[in-house]
1. Restricting attention to strands (runs of 3 or more DSSP E) lying wholly within region A:163-241, give those where 1 or more residues are in contact with a Leu (Cβ under 9 Å, 6 or more places away or on another chain) and more than 22 Å from A:His152 (Cα to Cα).
2. Out of the residues in region B:22-36 that are free of Cβ contacts under 8 Å to residues at least 60 places away in the same chain and crowded, with 16+ Cβ neighbours inside 10 Å, state the one that is nearest to the other protein chains (Cβ to nearest Cβ).
3. Out of all the residues in region A:135-147, is one or more surrounded by 22 or more Cβ atoms within 10 Å (Cβ to Cβ), touching a helix residue (DSSP H, G or I) at 6+ places or on another chain (Cβ under 6 Å) and away from chain B (no Cβ under 14 Å)?
4. Do you know which of the residues in region B:118-139 that are β-branched (Val, Ile, Thr) and outside any helix (DSSP H, G or I) is nearest to B:Thr209 (Cα to Cα)?
5. With the structure loaded, tell me whether B:Ala37 is small (Gly, Ala, Ser) and touching a helix residue (DSSP H, G or I) at 6+ places or on another chain (Cβ under 7 Å) or whether it fails that test.
6. Does B:Leu119 count as in contact with a helix residue (DSSP H, G or I) (Cβ under 7 Å, 6 or more places away or on another chain), modelled with pLDDT under 90 and away from every other protein chain (no Cβ under 14 Å)?
7. Restricting to region A:116-140, give me the number of residues that are under 17 Å from A:Arg169 (Cα atoms), of a type in the set (D, E, K, R) and either under 22 Å from the mean Cα position of the chain (by Cα) or part of a loop (DSSP other than H, G, I, E, B) (or both).
8. Looking for whichever is at pLDDT below 95 and surrounded by fewer than 21 Cβ atoms within 10 Å (Cβ to Cβ) here; the options are B:Thr171, B:Thr134. Which one fits?
Amino acid sequence: MKESIVIENLTKYYNKFLALDKLSLRIPANENVGLLGPNGAGKSTTLKILCGLIRASSGAAYIDGVNVAEKPEQALSRIGVIVETPEFYSFLTPEETLGYLGRLRGMRGDELKRRIKEVIKLVRLEDWSKVKIEKFSRGMKQRLALAQTLLHDPPVLILDEPGLGLDPRGVVEFREIIEGAGKEKTIFFASHQLVEVSQICNHVAIIDHGRLLAYDSIVELEKKYQSLERAYLELTEAPLE
Amino acid sequence: MSEFEKLRIVTGYEFLKHVRRKRLYVILGLTLVAELAVLILVPVLGDGFPDSVMAMAALLSVGPSLATIGAIFFAGDAIAGEFESKTGFMLFTNPVKRTTLVIGKYLACYGAVLLLVILGYVIVTISLLAIYGTVPIETLSSFGLCLLYTGSVLSVTFFFSAISKGAMGATVITLVFVMVISAIIDSVLMMTGQPHWFLLSTNGDTIATVYGGYELFMEGLGGMEGMPFEFETPSIGLSVLSMVGYLAVGFLLSLWISKRRQLA
């Protein structure tokens, strides 16, 4: 089976702090995988390495077979990303922002205009599409972030807490959009919300202290630990050698 | 899509940023005020305009010189801002080389300052034509030196922006470096008769001294009588060399650092 994301022995030190400890993970194409772990477990570090924002101390990360460190532009062309709380240029409107990012990804003319309209409608920012982002709330920026993630219709989505800052209605809408997208895309989704993860993903990877503790289907983990919550709690409280 | 096409897109949107920012219009206003101050105060405080068109041209070059300092305010947040405000998470996850992004930002900043510099020289030209009926050919050299000085100030600012955590820090460090540290060393070396052509503040002076050295510039302000020491005007050629050095080294270092900098 083709693998969209491959992480091999990924190790990352921040000075002397070990954030990732030989983490390995293989995510098949069109699979939706949740990345779970407590604060400081290494989730964001893993995603940032996959997005080429930081370099691994050792090991390698691949998107659709392309080494992110060696050919970052080629790897980045395959993904849509939300990392941390998204921020945009306050002097631009959502339409202009999506126009800028779409052009950088090679989109042009009517195709770009049509796609901008589609994704703005999808995240329900129609009434704000020509308003400068400086007036946006955190939730609205989060919606725009999802729009830019889907704009170029990438085969792989890498999402770090995409529901952060959204109101309850926004969380439900987001989940529906991501669920819809996940039917034909690979999603690698870091979150603290177990319910959210279990609704979007069919597999989860649980990490702590930069190490992989479990990587299995939610069904299997529920069989073994009775629930995903218990699996998470039991695995992440175990003392490390 | 070629990297050149991406560069064109980045430059366009970055230029739009400068056009929509208040700071462009603030510096535009300051440039106009500086030119007006020279045009009003020189004849009021002295005996009319200087006899020499070159002296007046040198005095009026204060406007374009001020505009080049605007480069610091445009470029201070060019790189540091992406990391500080976290917009880098949105920008750096696109399939564009960091070097392309930095070059695009540099060109956009240069374009914005160029608008101000051109406006300054339009005022210089119109003023000289109105007062003296002529414009010295050295104005072209002054314009060229101003463009080079803009490039070197931008490169130094980009360097500080690449190594700074925040945009404000980068702007302040560059201002202190260009306006205070370089200027203090410049004054000390000038007073002690030592060469100072390699200092950025000295290089900026060439925009005015190209008309005839410090003596001519001071002539426009009433002469150099009573000065406790003599000013030696640095060679234009050496100053050009120095500016090219600042431009190239600052720019290349900012490219290299930006490429290696991680957004954690």
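The values are calculated or read from the model by the stated rules, or taken from the named source; none is laboratory data. Here the structure is a predicted model, which is why all the values come from computation and not from measurement. Heads up, the Cβs are rebuilt from the backbone with ideal geometry, glycines too, and the neighbour counts pull from every protein chain shown.
1. Once the strands (runs of 3 or more DSSP E) in region A:163-241 are filtered for at least 1 residues that are in contact with a Leu (Cβ under 9 Å, 6 or more places away or on another chain) and more than 22 Å from A:His152 (Cα to Cα), what remains is A:203-208, A:211-217.
2. B:Leu30
3. no
4. That would be B:Ile137.
5. no
6. no
7. Going through region A:116-140 one residue at a time, the tally reaches 3.
8. Just a single option satisfies the conditions, and that option is B:Thr134.
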